[in-house]
Amino acid sequence: MNTTRNPAFAIKATYLGPIFSVDGELSKNAQNLVFARNGTGKSFLSRAFRYLDLQGQGKEVSEAAFFLVSDESPDAKGSFLFSRGTSVLGTLQLEKPGNKVTANVADTIFHVFSEDFVHDELRDREYVIDGEIESQIAVDSANIELKDTEKELRTAQEAEQTAVTALRTKFDKEKVRNLVEKAGINKNLSEYKHLNLERLLERFSDTPDQPEQSFASILSDLDSLKAIPAEPVYPETVNAIGSEDIDLKALEGSLQRVTSPSSVSEEIKKKIDSHHSFYEIGTQIIQEEHRTTCPFCEQGITDADPKALLDSYVSYFADEEEKHKKELRHYFLKLNQKEAGLNETETQFVRQKSRFDELKQYVPSKKDVEISDGETTFKDARTAMSATKAAIEKKAQALASAHSLPADDLAVQIIAINAIIEDNNTKVAELTKAVERADDERKALQRKACAVFEQESALNSWSEIEALRNLNEATQAKQKRLSELEKAAPSTNAKDRVAETFALLLKEFFADKYVFDNENFILKRGDKEMERGPHRTLSDGEKTAIAFCYFVACLHRKVASNSDYGKLFLVFDDPVTSMSYDFVFSIAQTLKNLNVSDQGEVSINPAKIDGTKNKRPDLLVLTHSSYFFNISRTNSVIKKDATFSLYKDGSAHKLVHLHSYVAPFEQQLEHVYHVANGDDPDHSTGNAIRQVLEAVGRFCRPDKSHDLSNFITFLAGDEDLKIKSVLINSLSHGTYYDETPSPEDLKLACGETITVVERFAIGQLELIKNAMD
């Protein structure tokens, strides 16, 4: 968009009606708003623009001097100049004698809405729309917009293709470098062959999440698989611990069984228990071989004393006590053997775990698998084993009493160890199988690497992907726009364009109440013709609104080619009147959103305004309505730095920027002040005096101003301020009932009114004085 600021518009005129001279500058904005009270001369300015409009159409303007030049002009001459910076857009040189008019219009097409336009185009025709429009509008391209759009489409396509090529090249290079060179993937792998930019864009419409396992981690896993030794040391399986050799139930019975002590002396029992095997073997030899000598010392054993002793030994080993103890010794021996087996199994556990942990590091799928060393379970088993052995020893010392197995259940602990053995062996078998089938895991990792590479590529290139999608959207939008233009190229017929724009605006103002029949070029009420005619059917407010809509539509009648739309300058002289305030917001909104494309499409859609293809037209709005002025300013119809006031200052007129809203009281007080200080009164002076006095009374002394007469009485009595009472009841419309007040009386009343304001509201006068500085 071109941001270069244009120079300001300016108006210069001499002796146009009540304007003896004005030389003022508007803003640099394309749209300006000027407020002027009735009688200030704004209509003469709009009429001057109207003659420039007629001059541009090649119509007669010879009567301009007669209708524009002030009677007070010393040489019966007047002038008008409208410019922008140093560029003169239009001039009028006027001489009443001989009705000499010199009009010049530069590269500008003026289009002026005023009473003259309404009268000539509608009122005089009883609001029957003129359908005699034969002009054609040259669309400088088959078409300029088509060609521009085609060019824009090619540019968008090239930009998109460049971005696609760059992103595809990047993707393909990284695909080979990461997957083939680093991951060792065969290019014939189906997952690899399916990877491409189009699939990536299709899969990821939104920013993807981070993958659970990164590509770098997968590469590390692949490297681990490569490092598997040629002859790996596999962890061996561990045999389960048997429990059938120890009948714990029978042991429980043995502990519970009560056995009476042998009659053999305690001394002999102690001697045998201390060397049980020795005595047991010797006794067996003597009995089995019927020896008469000791099998160890060869001494005779037939004598009474040795024989009695040996008989005691034989008798003891034949007793139940010894048999019970022998049984207990058997269990104790089995437990010792089981304990030795546990120690061996625990050693196997340690070796198995060490080899497992070493080998699993090479297999990614198993690197987080753990096998148990069973340390706690073995500890618990030994505890149970020790307790069981202690119970046996205790029983052996007291056969005559019943005993029980300890609370630590050895069988439960053996079962727990065997469960661990089974679980560990299963994991060992799975690891062994995984090592033997490492190629399958490698391929699975490579497939996973393809998916993760694609996901990480999308993440790493997301800004380029979004940019590419934006370019694609731009291309699609250009393609759609081109298709639309090709289907609906603008008509070259000015009549068609007028009808289309008129119908559009009527829809905005009236919905379906009033519509325009494009084919028959007539205004209808709904779907019916107005039998009494539009001039008798329409209200005054509706006529103003329809005139406004028709005026905007008629801008198509002013152009000869599409390029002319940029030359239009619209002037509105009071687009709202006292009879059309019900349409004031619609008119204001239309002025705010009105835009014209470089192909001549008129729209009131603000979204289309872009300052290049669709621009708001240059326009000047002149109004005496403070209500419309304030609405336009408040709602940014015209920017605040482009709102001005035209007022008379002595013999000259001034055009100054208005920094705030226009309040009716301020206007009226300003008028009264200027008349009191030398300006001539006009038809609005009487009403201004009354309104100012009423306002001062209402706000400054409400206790004394039930009506204006009461306030006047109060002023004369308490304040010694007298106002010509003869004027009070007749000034509300600027005239007496029977005759017009003299200018002297009006000036006197204005002076008296200013005295009242000075007494009660001096600040209001200071504001007026400051504005004049």
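The values are calculated or read from the model by the stated rules, or taken from the named source; none is laboratory data. These figures come from a predicted structure and were not determined experimentally. Every residue, glycine as well, gets a Cβ built from its backbone with ideal geometry; the counts of neighbours run over all protein chains shown.
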Original post:
What about Phe44, is it under 21 Å from Val118 (Cα atoms), outside any strand (DSSP E or B) and under 49 Å from the mean Cα position of the chain (by Cα)?
Top reply: no
Subject >> Lone qualifier among Ser457, Ser463 - being over 16 Å from Ala545 (Cα atoms), within 29 Å of the chain's Cα centre (by Cα) and surrounded by fewer than 15 Cβ atoms within 10 Å (Cβ to Cβ) >> reply: Ser463
**OP:** Test Thr612 against the criterion of being modelled with pLDDT of 90 or more and assigned by TED's automatic domain parsing to the domain that holds Cys554, and give yes or no.
**Re:** no
**OP:** Run Arg442 past the list (1) assigned to a helix (DSSP H, G or I); (2) at pLDDT below 85 and report the number of the one that doesn't hold.
**Re:** (2)
Original post:
For region 407-427, which residues satisfy the criterion of being modelled with pLDDT under 85 and surrounded by 18 or more Cβ atoms within 10 Å (Cβ to Cβ)?
Top reply: Leu410
Original post:
With region 599-660 as the region, which strands (runs of 3 or more DSSP E) entirely inside it contain at least 1 residues that are surrounded by fewer than 17 Cβ atoms within 10 Å (Cβ to Cβ) and out of contact with any Cys (no Cβ under 7 Å at 6 or more places or on another chain)?
Top reply: 643-649, 652-657
**OP:** Return the pairs, sorted by first residue and then second, in which the second residue is among the small types (Gly, Ala, Ser) and modelled with pLDDT of 90 or more, the first residue lies in region 207-236 and is assigned by TED's automatic domain parsing to the domain that holds Glu181 and surrounded by 13 or more Cβ atoms within 10 Å (Cβ to Cβ), the beta carbons are less than 6 Å apart, and the residues are 6+ apart or on different chains.
**Re:** Pro208/Ala458
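Take Lys28 and tell me if it is farther than 25 Å from Arg557 by Cβ and crowded, with 17+ Cβ neighbours inside 10 Å.
Numbers: farther than 25 Å from Arg557 by Cβ: yes; crowded, with 17+ Cβ neighbours inside 10 Å: no.
Criteria not met by Lys28.
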Subject >> Enumeration of residues in region 692-719 that are in contact (Cβ under 8 Å) with a residue 40 or more places away in the chain and either touching a Gly at 6+ places or on another chain (Cβ under 9 Å) or exposed (fewer than 12 other Cβ atoms within 10 Å of the Cβ) (or both) >> reply: Leu715
Original post:
Among the residues of region 359-378, is any of a type outside the set (Phe, Trp, Tyr), within 60 Å of the chain's Cα centre (by Cα) and over 23 Å from Glu430 (Cβ atoms)?
Top reply: yes
**OP:** Look through region 540-561, keep the residues that are out of contact with any strand residue (DSSP E or B) (no Cβ under 7 Å at 6 or more places or on another chain), farther than 17 Å from Ala499 by Cα and of a type outside the set (Lys, Arg), and return whichever of them is surrounded by the fewest Cβ atoms within 10 Å (Cβ to Cβ).
**Re:** Asp540
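So that you can scan it fast, the table gives a plain yes or no per residue for (1) modelled with pLDDT under 90; (2) over 30 Å from His556 (Cα atoms); (3) among the charged types (D, E, K, R):
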{"residue": "Ala438", "(1), (2), (3)": "yes, yes, no"}
{"residue": "Arg447", "(1), (2), (3)": "no, yes, yes"}
{"residue": "Val452", "(1), (2), (3)": "no, yes, no"}
{"residue": "Ser463", "(1), (2), (3)": "no, yes, no"}
{"residue": "Glu473", "(1), (2), (3)": "no, yes, yes"}
{"residue": "Glu486", "(1), (2), (3)": "yes, no, yes"}
{"residue": "Asn493", "(1), (2), (3)": "yes, no, no"}
{"residue": "Arg497", "(1), (2), (3)": "no, no, yes"}
Original post:
Considering only residues of region 562-598 that are modelled with pLDDT under 85 and small (Gly, Ala, Ser), which is surrounded by the most Cβ atoms within 10 Å (Cβ to Cβ)?
Top reply: Ser580
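Quick grid of which residues meet (1) outside any helix (DSSP H, G or I); (2) over 22 Å from Gln55 (Cβ atoms):
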| residue | (1), (2) |
| --- | --- |
| Val112 | yes, no |
| Phe117 | no, no |
| Tyr127 | yes, yes |
| Thr155 | no, yes |
| Thr162 | no, yes |
| Leu167 | no, yes |
| Asp172 | no, yes |
| Asn178 | no, yes |
| Asn186 | yes, yes |
Original post:
Looking at (1) among the aromatic types (Phe, Trp, Tyr); (2) assigned to a helix (DSSP H, G or I); (3) in contact (Cβ under 8 Å) with a residue 60 or more places away in the chain, which is the one condition that is false for Tyr565?
Top reply: (3)
Original post:
Are any residues in region 446-472 farther than 13 Å from Leu200 by Cα and free of Cβ contacts under 8 Å to residues at least 12 places away in the same chain, and if so, which ones?
Top reply: Ser463, Asn470
**OP:** State whether the residues of region 131-142 include one that is without any contact (Cβ under 8 Å) to a residue 40 or more places away in the chain, in a helix (DSSP H, G or I) and surrounded by fewer than 16 Cβ atoms within 10 Å (Cβ to Cβ).
**Re:** no
Subject >> Given (1) buried (at least 16 other Cβ atoms within 10 Å of the Cβ); (2) not in a helix (DSSP H, G or I), index of the condition His683 fails >> reply: (1)
Subject >> Qualifying positions in region 209-236 - in a loop (DSSP other than H, G, I, E, B) and more than 24 Å from Ser457 (Cβ to Cβ) >> reply: Ala227, Ile228, Pro229, Ala230, Glu231, Pro232, Val233, Tyr234, Pro235, Glu236
**OP:** Of all residues in region 68-90, count the ones that are part of a strand (DSSP E or B) and either buried (at least 18 other Cβ atoms within 10 Å of the Cβ) or touching a Phe, Trp or Tyr at 6+ places or on another chain (Cβ under 9 Å) (or both).
**Re:** 12
**OP:** State all residues of region 143-167 that are at pLDDT 90 or above and surrounded by 15 or more Cβ atoms within 10 Å (Cβ to Cβ); if no residue qualifies, say none.
**Re:** Glu152, Leu153, Ala156, Gln157, Ala159, Glu160, Ala163, Val164, Leu167
**OP:** Please determine, by comparing only the residues of region 355-401 that are of a type in the set (Val, Ile, Thr) and assigned to a loop (DSSP other than H, G, I, E, B), which one is surrounded by the fewest Cβ atoms within 10 Å (Cβ to Cβ).
**Re:** Val369
Original post:
How many residues does region 489-538 contain that are loosely packed, with under 15 Cβ neighbours inside 10 Å, among the acidic types (Asp, Glu) and closer than 19 Å to Ser135 by Cα?
Top reply: 1
